[in-house]
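The values are calculated or read from the model by the stated rules, or taken from the named source; none is laboratory data. Keep in mind it's a predicted model, so treat the numbers as computed, not measured. For neighbour counting, all protein chains shown are included, and Cβ atoms are generated from backbone atoms with ideal geometry for every residue, glycine included. Just so you know, the surface numbers come from the protein's heavy atoms only, side chains and all, with ligands and any DNA or RNA stripped out. Shrake-Rupley method; radii C 1.70, N 1.55, O 1.52, S 1.80 Å.
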Amino acid sequence: MKTKIIILISALNFIWSCKPSIEESVDLTTQNWIHGSENCEDNTDPPIQIVKYNSDTWILRQNKCTNYEAPFMFLFFGKNKALLMDTGATEESNIFPLYETVKKIISDWSEKNGDVELIVAHTHKHGDHYAGDGQFKGKPKTTVIGLEVEDVQESFKIKNWPEEIVDYDLGNRMMKIIPIPGHETSSIAVYDTSTKILLTGDTFYPGRLYVKDWSAFKTSIERLVKFTDNNEVSTILGNHIEMTQTPGIDYPVRTIYQPNESELPLNVIELKELSNALKKLGDIPTREVHDKFIIYPVD
């Protein structure tokens with residue numbers, strides 16, 4: 001009997017050791033972000049905050065004292081390609097050294113995993129998301145995707161814009177590209193099938209959701225909701241934080257100090273809240289305040 005128990009325990013240990021380990025990731029609901037200073041002359045934060053979400057995923061945030069927009073940028077590694085989503089709000093590398101920062105991350109990652117090509121893409125065509133493009137153009141093994149709808153279509157092979165959702169393979173890591181015009185004509189969402197992260201740019205984030213094309217925006221949000229009905233989503237990440245920790249209260253535009261920010265992640269329930277609100281508002285663009293976001297039509 002004792003021998004059988006020993007054999008059983010040994011077998012269970014063997015089976016357990018053969019199971020793939022589940023990699024831990026950063027809890028973004030408790031992650032602290034650099035959030036500027038009342039007096040930027042006193043600010044000692046780095047120009048770019050670097051957060052390693054897991055071994056193949058990085059999240060970067062620009063210092064509000066380099067630009068009040070303080071956008072987030074996202075770097076995903078696959079076997080063959082690294083995908084950088086957005087290049088921030090500042091052109092000058094001496095103020096905002098994004099290329100050197102990304103280059104260092106890639107270099108360190110490649111020492112363990114092998115060389116990759118860098119693809120630089122954008123959630124949409126607004127200056128605070130592509131200002132740093134010039135730092136990457138002409139660099140070795142680097143491709144910067146253009147900003148127009150036609151550039152996005154060609155690069156990701158989207159034939160039927162904006163209805164078609166396409167796969168984009170980084171090498172053993174599949175991303176899904178989802179057209180979501182409305183905030184801006186070339187806006188896209190990006191879904192990572194590995195982490196289940198859904199990036200939504202400036203279309204959905206804890207802040208003022210500036211809606212340029214009301215009808216297109218409503219359709220895009222519904223497209224995202226349908227996508228989440230059929231795909232597991234661990235978290236939804238936008239490109240800014242403009243809401244405070246007090247429900248429904250945002251920071252003033254152009255603020256350089258946000259000491260009590262709302263957390264960055266949103267979820268599918270909140271996405272559906274937005275979708276339902278848009279349906280109730282109908283065809284007339286209307287500003288409406290919610291706990292985690294503000295629907296904000298613009299001309």
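Of everything in segment 217-247 that's of a type outside the set (Val, Ile, Thr) and touching a His at 6+ places or on another chain (Cβ under 9 Å), which residue is surrounded by the fewest Cβ atoms within 10 Å (Cβ to Cβ)?
Filtering segment 217-247 for residues of a type outside the set (Val, Ile, Thr) gives 217-218, 220, 222-224, 226-227, 229-232, 234, 237-240, 242-243, 245, 247.
From the residues that got through so far, the ones that are touching a His at 6+ places or on another chain (Cβ under 9 Å) too are 217, 220, 239, 247.
Details: 217: 25, 220: 25, 239: 28, 247: 11.
Taking the candidates together, the pick is 247.
Go through segment 173-190 and give me each residue that's of a type in the set (Val, Ile, Thr) and either in contact with a Ser or Thr (Cβ under 6 Å, 6 or more places away or on another chain) or open to solvent by less than 20 Å² (accessible area, probe 1.4 Å) (or both).
Step one: of segment 173-190, the residues of a type in the set (Val, Ile, Thr) are 177-178, 180, 185, 188, 190.
177, 178, 180, 188, 190 - these are the residues of segment 173-190 that are of a type in the set (Val, Ile, Thr) and either in contact with a Ser or Thr (Cβ under 6 Å, 6 or more places away or on another chain) or open to solvent by less than 20 Å² (accessible area, probe 1.4 Å) (or both).
Considering each residue of segment 252-283, count those that are open to solvent by 70 Å² or more (accessible area, probe 1.4 Å) and part of a strand (DSSP E or B), and give that number.
Here the count works out to 1.
What about residue 131, is it among the small types (Gly, Ala, Ser) and open to solvent by 10 Å² or more (accessible area, probe 1.4 Å)? Walk me through it before giving the result.
Working: among the small types (Gly, Ala, Ser): yes; open to solvent by 10 Å² or more (accessible area, probe 1.4 Å): yes.
When the stated conditions are applied, residue 131 passes them.
Taking residue 286 as meeting all but one of (1) touching a helix residue (DSSP H, G or I) at 6+ places or on another chain (Cβ under 8 Å); (2) surrounded by fewer than 17 Cβ atoms within 10 Å (Cβ to Cβ), write down the number of the exception.
Condition not satisfied by residue 286: (1).
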